[in-house]
Amino acid sequence: MKNIKILAFAMAVSFTAYNCDNNDDDEKMMYTPDFSGTYTQADQMGRPAVNTVFVSSGSKDMFNTTIPKNQNTAFQSMFQTNLMALSPAYANAGDKNALGLDAATFTGLLATDVLNVALDKPTTFYDGTNVLTGRNLSDDVITVELLLIFGGEDFMENPTLSDDHVDANDKPFLTSFPYLASPW
């Protein structure tokens, strides 16, 4: 139900943004989005780098065109096989990450490539308490993913693999919409 509400909100915002202009003339043109033609899903990136790392190259197109509710069933075992091959933190059956998730549970979460949003918690990819409740521009998403993949139960295993050493954006984010850093 939350996904439907979010989708409806996103569509309303996109229609509003699409139909707004800064034309100060008395004569206004009405714009209508053109939905004719055939559209195809080209890529999914709810969780950056996850698709890149865990989906085998021959399956990328299939993953990117699979609707999220079917991704876990179709790809979780591939994700788990690749996780266990990549990370010594999951070398033994029952090994868990800092969230208390074993390889099967963690890859089940990762295999559904969506950006979760929790309306009743702080918006963050991970803040030490809240996990996948949204994503702030300042969230260090790649380091969080590396910690969950390689850091083990206390984030201390494999320290050389658990940080991308990029700790901030190269330019400050804006304090008002659109919040992204100004272009170079």
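The values are calculated or read from the model by the stated rules, or taken from the named source; none is laboratory data. Please read all numbers here as calculations on a predicted model, not as lab measurements. Ideal geometry is used to build each Cβ from the backbone, glycine not excepted, and the neighbour counts take in all protein chains shown. Heads up: the accessible areas ignore ligands, DNA and RNA and are worked out on the full protein's heavy atoms, side chains in. Shrake-Rupley method; radii C 1.70, N 1.55, O 1.52, S 1.80 Å.
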Note to self: Quick test for you: out of Asn51, Asn82, pick the one residue that is within 13 Å of Phe150 (Cα to Cα) and in a helix (DSSP H, G or I).
What the structure shows: Asn82
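Based on what the data block shows, is Ala89 among the small types (Gly, Ala, Ser), free of Cβ contacts under 8 Å to residues at least 60 places away in the same chain and either part of a helix (DSSP H, G or I) or under 22 Å from Gln44 (Cβ atoms) (or both)?
Values: among the small types (Gly, Ala, Ser): yes; free of Cβ contacts under 8 Å to residues at least 60 places away in the same chain: no; either part of a helix (DSSP H, G or I) or under 22 Å from Gln44 (Cβ atoms) (or both): yes.
It is false that Ala89 is among the small types (Gly, Ala, Ser), free of Cβ contacts under 8 Å to residues at least 60 places away in the same chain and either part of a helix (DSSP H, G or I) or under 22 Å from Gln44 (Cβ atoms) (or both).
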Next item on the list: Go over the candidates Ala103, Ala181 one by one and state the one that is over 18 Å from the mean Cα position of the chain (by Cα), closer than 17 Å to Asn51 by Cα and either open to solvent by 70 Å² or more (accessible area, probe 1.4 Å) or not polar (S, T, N, Q) (or both).
Entry: Ala103
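The rows are residues; the columns are (1) small (Gly, Ala, Ser); (2) in a helix (DSSP H, G or I); (3) over 21 Å from Leu115 (Cα atoms).
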| position | (1), (2), (3) |
| --- | --- |
| Asn136 | no, no, no |
| Leu147 | no, yes, no |
| Glu153 | no, yes, yes |
| His165 | no, no, yes |
| Asn169 | no, no, no |
Item checked: Residue that is open to solvent by 40 Å² or more (accessible area, probe 1.4 Å) and under 14 Å from the mean Cα position of the chain (by Cα), where the choices are Leu115, Leu119, Leu110 -> Leu115
